[in-house]
Each structure stands twice: as structure tokens, then as C-alpha cells.
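Structure first, commentary second.
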Amino acid sequence: MHIAEVAIRRWQLTLVLFTLLCAMGFSAFQQVPRAVDPHFSMPIVSILVSQPGADAAEIEQTITKPIEELVQGLEDVQQAASTSSDGSALIRVEFDWSGDPDQYFNDTVREVTAIRSQLPADLQRLQFEKVRTTNASILQIALLSDTASWYRMEKYARDISEALGRDKEVREADIFGLPQPEISVSINSGRLAELRLPASVVVDAIRAGGADVPAGAVTSGARRFNVETGGAFRNVDTIRNLPIRSNDGSIIRVGDVADVKISAAEQRVKVSHNGKRAVFITANQKQGTDATKLRNRLVEELAKQQKLLPADIKAVIQFDQSKDIRKRLNELARDFGIALFLVLITLLPLGWRASVIVMISIPLSIASGLLAISAYGFNLSQLVVAGFILTLGLLVDDSIVVVENIARHLRMGKSRSEAAIDGTKEITMAVLGSTGVLVFAFLPLFFLPEGAGKFIQSFIGTIVATITASMIVSLTIVPFLASRILKD
């Protein structure tokens, strides 16, 4: 029995499947994560190294070359490239795209960390980063103030960053634009001269106060007390109160001979928002999350944090990725409406009934494509939207041919059911052949290797799934609707 005959004879089942497809397509549209670009893992690891004061040649010789030679010996490495500059270096390692990116990252961290003792002792930073398509910020906030100190700006920026980072779908929330904090100690040379003390006594006192030495405990009766000895300074007052022994045996403190205060180091990179001094707070999403829903939650959290800001500090949204997503979806809706209008115009010679049948096949085919996207695990990105727009002109071809042939059989005097079955049977092979040519034209692109293939998989998958769905709809739903709607 032909598939069209099954759809017509057992119309109750066809009607149920028709309704189910519409419901599942709408549900998939609501549930598929939205993002600007496709989400996929990349087998690329970046190693960031920082050694202040070293020139590019020194970093190249003592850091970059040892790390680069090490990572080139790892399994499945395709290439390793490095860039050395004054004070820093970047080593980028690319592995085989058919392997596990997480395993490659773990191998790189383990092997490079193992030679840490062979690298310069004053190496300040050795950082490993995965290259992800989700590295683009979903939301960027600018914290503005012309009068607040950097210390206050940092405090409120960290409060907002921690609040945004508590969302389970936020991978990380970072702060950019803050200068490196430092504590300045300005020695009063006149006061030291009066006490006949050299400036080195202040340096020695600070060095001794911040040194880590083994701690112990004191037992008094049945009680035991821990002893704190040195370590990192927790506040400025601790430094001011460090003792210095004078020549006459009296005890003076660092604050008596020096001015101790918190300041900012030289700021090499400055950020601004509309010409105003700013600090940027960015939030990045985890892979497979819905950017639009996450953005709404982050904006709600930001509104709560804005109420806690003082009058001289203001927080504004500088970048919102969801705007691009809404723009792409609006373009799809516009093109979808244009396609329906053009189909209606071109099919009017066949009658409004035939036009309605063909127009119904368009949303059904797109609904099937959305189900396939959801099953593949793709998100609703700009490439998926582009795939739907491209197929709008292709997915109506099969339905138009089937409806026109059924109308021809009706003019031959056949009943609606008989004309729908015979008309569909007559051109089934032609529909299969024309759809097969389109599918096989795009299908090889689905298996492109490396990054290019990963990036366009959702685009090709959308086209193939939607065109295939249009063929199935034209051989089942269209004959069923024709048997009910077309006139004898």
C-alpha cells in the first residue's frame, strides 16, 4: 500500500500525527537553546605566561621554547605556535579534531605543570585556557564613576561579578579594566634623619612582617593557643603598626616614619564607556545553554545589585548578545511571511484551496526541521536560521508538484480520494529523485573535517532535515489535505 493511500484511508491516524507534529515543532522552538554562533568543543589549548621585566628574547629562550618542545611531543598534536613579547608569551596548541578536547586539555596541563620547576623562578603566571565558541560574552556591564576610587570600584565590581557567577549556566564572570592594586610606602627622610636610622630599617621591617615562618602553639593549663607568625598583610594598618627598633632602644612603628596607603599601579590599558571611566564585567555562558533565558536572569540579578550601588557609581549594560539573536529570528519571521505571500500569489491560478494546502506544508516542514535540530543537539544559532531561510524556496517544490498533479486527476473526473492517491503515486519517484539530488548536494558538506566542518554542521543539518521533511509531508499530509479540501 502506498504511503499516500495509508494517510488517506486511515485519516484518523494522519490527523493525530499532523497535530502531534505541530505541537512538537512548537515545543522544540520554545526549548531549543538560542545563541549567535553554534556551540561545539574545540581541541585547542592556549597557554598564557607572564614574567614582568623580561624582554621578548629572554622569554622566548627560557619559557616559550621549553613549553613548545614539550607540547609538540604530546599525542595527536597537529601544530603548536607561539608568540613572545616583553613580559608575556602565548603558546597555542591544536590537536586532532576527531579526539576528545577535554582529554587533550588535561594532558597539556599535566605535562606543562610537571616542568614548572625548570622554568624561571620569577614566573608570575602560568595559565591554561580552553578555546570555546562560547567565549564571547553573553552580557557585558560597564560600571561607571568619575569620582569613586579604584578600591571602591573593585569592591562593587566583584560583588556584581560574584552575583552573576552564581547562576548555574554561567561559566565565568570576569572583570576588566581595573589597575593592579599596590601599597605604596613613602618614607619620611627627615624623620629618619632625626632618629639617625637608615631607610633600610623600614624595608627590613616590612620584609620580616610579611615573611612566612613556621607557626606553633602555646599551651596554658588546659587550653592551647595557636600562634600566627607573619604571612600576607591583610590591611594597611597592619603595615603601619610594624615595629622598628631605634638606636636608643625605643620602639617606633613604620607609620611613624612613612606614609602607607593603598594606590594603583601604572595602568597600561584603560577602558571607558561613552568617554567615562569604567570597569567592565562580562558573563560567559556554558555550552548548550539558552542565551536569551540566561540573559533575562542576569538582567534581573543586575537590577538587584544596582539598588546596592552608591550614588556616585552607576552600572549600565554595554553589550547584550540576545539582541543579535532576536534580530536573526525577526529576519526569519519576515522571510517566512514573504515566502507564504509569494506562494499564495504564484498558486492563485490553481485556486485558493491548493494555495492553502501548499502553505500548510511550509510550517510543517520547518517544524520537522526544528525537531531534527533538537535531536542533533544543535542550538538555534544564526547558521540554523540561515539554513531555514535558504530552504524556504526549496521546501514548497514537492508540495506544489503533488497538488498540481492531484488537481489534474480531479479534472479527469476522479473522486478526491482517488485523485489524491493516483496523483501522488504517479509522481512519487520524481519527488524522491528531485529531493535526493538536493540532499546529496548538501550532505557531503556535513562531513567536512576540522573546525570548518564543526562550524557549519548545524547549517547543513538544517537544510538536509528540512528538505527531507518537505518530501515526507508532500507524500503524506499534502495528499490527505487535498482529499479533504480540493473541490471535485
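The values are calculated or read from the model by the stated rules, or taken from the named source; none is laboratory data. Just so we're clear, the structure is a prediction, and the values are computed from it rather than from any experiment. Here the Cβ is made from the backbone with ideal geometry for all residues, glycine too, and neighbour counts use every protein chain on show. Note: areas computed on protein heavy atoms with side chains; ligands, DNA, RNA excluded. Shrake-Rupley method; radii C 1.70, N 1.55, O 1.52, S 1.80 Å.
Could you tell me how many degrees, from 0 to 90 and to the nearest 10, lie between the Cα long axis of helix 150-165 and the main elongation axis, the longest principal axis, of the Cα atoms of the chain? That works out to roughly 40 degrees. Of the listed values [x] 71, 60, 42; [y] 125, 56, 55; [z] 67, 52, 45, identify the label whose number matches Cα extents along the principal axes in Å calculated from this model. This structure yields the entry labelled [y].
Around GLY351, under 15 Å between beta carbons, what's the net of Lys plus Arg minus Asp minus Glu among the other residues? Net local charge, GLY351 excluded: +4. Straight Cα distances below 23 angstrom link LYS425 to the lysines LYS414, LYS487, with same-chain residues fewer than 8 positions distant left out. For segment 12-20, backbone phi angles converted through the Karplus equation (6.51, -1.76, 1.60; θ = phi - 60°) give residue-by-residue couplings of 4, 5, 4, 5, 5, 5, 4, 5, 5 Hz, Gly and Pro being listed as x.
What is the percent carbon and sulfur in the accessible area of the chain, measuring with a 1.4 Å probe over the protein chains and ignoring ligands?
54 percent
Given a cut-off of 30 Å, name the pairs among LYS261/LYS304; LYS293/LYS314; LYS327/LYS454; LYS155/LYS454; LYS270/LYS323 whose C-alpha atoms lie farther apart than that in the structure shown. LYS261/LYS304; LYS155/LYS454, as the Cα separations exceed 30 Å there. Per-residue packing, averaged as other Cβ atoms within 10 Å, sorts the ranges 120-126, 363-369 into the order 363-369, 120-126, beginning with the highest.
Take segment 361-488 with all the other protein chains still there, run a 1.4 Å probe, and you get 40 Å² of accessible area per residue.
Accessible surface computed residue by residue for segment 301-360, with neighbouring protein chains in place and a 1.4 Å probe, gives 60 Å² per residue.
What segment 121-186 shows is 54 Å² of accessible area per residue, with the surface traced by a 1.4 Å probe over protein heavy atoms.
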